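The values are calculated or read from the model by the stated rules, or taken from the named source; none is laboratory data. Keep in mind it's a predicted model, so treat the numbers as computed, not measured. Virtual Cβ from ideal backbone geometry, glycine too; neighbours counted across all protein chains shown. Quick note on the areas: whole protein, heavy atoms, side chains included, nothing else; ligands and nucleic acids left out. Shrake-Rupley method; radii C 1.70, N 1.55, O 1.52, S 1.80 Å.
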Amino acid sequence: MHKMIRQIAQLTVQTPLLAAAPVTSAAKLLAMPPVITQNVDCCGVHTAASGGLCTKWNKHNYGPRKWLEYNKTVHPPQEADEEPRKAYVCHMRSNIKYSPDKMWYIAAFVRGMSVDEALKQLNFVLKKGATDVRETILEAQQMAVERHNVEYKSNLWIAESFVGKGRVFKGMRRHARGRFGRVEYKHCHYFLRLEEGEPPQHYYLPEPQTPEQQLEQWLEQMRSRKVINSL
């Protein structure tokens, strides 16, 4: 009997009389009507994409948190002759109602740009995710000035800009003749890191070579070849 009472007490449902007075018998506990604290959807199928994320699906899912922990990093003191460390700020926006495959193009587009140039270019990007990326950059720029002692808000450039996969809701789409198909409502996380200073001239690749330099590099590779197990 005590084992059964212990198992019933570990359930997630709560009763209004549990907080008022202790239960003396198992029969009285079973007779109480259970009151569910969370509003659970009866159908269990997400059939609409509008309205964004609903908190009743999972109240404990706040999205990724590790990226924002980099703002709390305490660096050791620098030497007098050492180059000053550049200030940076990490920011993110979680569970954007947009496909991560589509958001990747926008994230890669602004990577390596200065903040002013990225905001100017995003005004001409006719994509839904460009609005979220632009707002995230503005929020990170404000955080850098107010919390991370950045003197000039224009003296920042986008050091990192990438996307992560968010929550995926599976829904149902009706077809002809009583059939149905499955549809997925995808969300994504957008991560951003701003760094103080001027952006590099060549972010992705090193400085391009002239045709003469390319020929000289190719000849050097051909001359340095080695035939294995030869005399």
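Taking VAL125 as the residue in question, decide whether it is part of a loop (DSSP other than H, G, I, E, B), of a type in the set (A, V, I, L, M, F, W, C) and open to solvent by less than 70 Å² (accessible area, probe 1.4 Å). Walk me through it before giving the result.
Values: part of a loop (DSSP other than H, G, I, E, B): yes; of a type in the set (A, V, I, L, M, F, W, C): yes; open to solvent by less than 70 Å² (accessible area, probe 1.4 Å): yes.
Yes.
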Condition (residue is modelled with pLDDT of 90 or more and among the basic types (Lys, Arg)) applied to the stretch 35-58: is it met by at least one residue? no
Would you be able to say whether some residue in the stretch 183-202 is assigned to a loop (DSSP other than H, G, I, E, B), free of Cβ contacts under 8 Å to residues at least 12 places away in the same chain, over 23 Å from MET103 (Cβ atoms) and open to solvent by less than 90 Å² (accessible area, probe 1.4 Å)? yes
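Kindly evaluate TRP104 against the criterion of being modelled with pLDDT of 95 or more and either in contact with a His (Cβ under 7 Å, 6 or more places away or on another chain) or open to solvent by 50 Å² or more (accessible area, probe 1.4 Å) (or both).
So TRP104 passes the test.
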Considering (1) closer than 25 Å to SER154 by Cα; (2) of a type in the set (D, E, K, R); (3) at pLDDT below 90, say which one LYS120 fails and leave the rest. (3)
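So which residues in the stretch 151-182 are in contact with a helix residue (DSSP H, G or I) (Cβ under 6 Å, 6 or more places away or on another chain) and surrounded by fewer than 20 Cβ atoms within 10 Å (Cβ to Cβ)? Reasoning before the result, please.
First pass over the stretch 151-182, keeping only residues in contact with a helix residue (DSSP H, G or I) (Cβ under 6 Å, 6 or more places away or on another chain): 153-154, 156, 158, 161-163, 165.
Those that are in contact with a helix residue (DSSP H, G or I) (Cβ under 6 Å, 6 or more places away or on another chain) and surrounded by fewer than 20 Cβ atoms within 10 Å (Cβ to Cβ): LYS153, SER154, PHE162, LYS165.
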Among (1) farther than 29 Å from GLY112 by Cβ; (2) out of contact with any Asp or Glu (no Cβ under 7 Å at 6 or more places or on another chain); (3) part of a strand (DSSP E or B) - the single one LYS170 does not satisfy: (2)
Run TYR98 past the list (1) part of a loop (DSSP other than H, G, I, E, B); (2) at pLDDT 95 or above; (3) surrounded by fewer than 13 Cβ atoms within 10 Å (Cβ to Cβ) and report the number of the one that doesn't hold. (3)
